[in-house]
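Report on one structure; see the data block that follows.
We did not get these values from a lab; they are worked out from the coordinates using the rules stated. Predicted model only: the values in this text are computed from it and were never measured. Glycine also receives a Cβ, built like all others from the backbone with ideal geometry; neighbour counts cover every protein chain displayed.
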Amino acid sequence: MHVVDRERASLLKDFLRFNVFPPSSAEAEIVGLVIRNGLKGLSPDQMDLWHERVLPVVSRPLVEQIPDWVLVQKMTQTFQRNAADAIGSRPRRRQGRGQS
């Protein structure tokens, strides 16, 4: 059984969630293996791929690698959720004239 670094696994899951690596790519497969089994679970060939093509990407901050449109989309979703929480989940009905 290999030891999995939870902090590393959490970070790597974010890289997969934001599609920094194409979902069916060799890089995404290596990232998935590291999430599940840790680095010691990689074969020598997989370790080479980790060092050559995955590590240079994951060593840079994630925010620099996410396309701007994804950031805007996430910020909009967060704003909408927070706004709904602030005013209540149901919109208020406006009272017409003569109604009190």
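How many residues does the stretch 1-23 contain that are over 16 Å from the mean Cα position of the chain (by Cα) and closer than 22 Å to residue 65 by Cβ? Break it down stepwise before answering.
Quick first cut of the stretch 1-23, residues over 16 Å from the mean Cα position of the chain (by Cα) only: 1-5.
Those left that are additionally closer than 22 Å to residue 65 by Cβ: 5.
Qualifying residue count for the region: 1.
Scan the stretch 40-52 residue by residue and report those that are in a helix (DSSP H, G or I), in contact with a Leu (Cβ under 9 Å, 6 or more places away or on another chain) and within 17 Å of residue 4 (Cα to Cα).
Those that are in a helix (DSSP H, G or I), in contact with a Leu (Cβ under 9 Å, 6 or more places away or on another chain) and within 17 Å of residue 4 (Cα to Cα): 41, 46, 47, 50.
Which one is nearest to residue 62 (Cα to Cα), of the residues in the stretch 1-39 that are assigned to a loop (DSSP other than H, G, I, E, B) and aliphatic (A, V, I, L, M)?
Applying the filter and picking the extreme gives 20.
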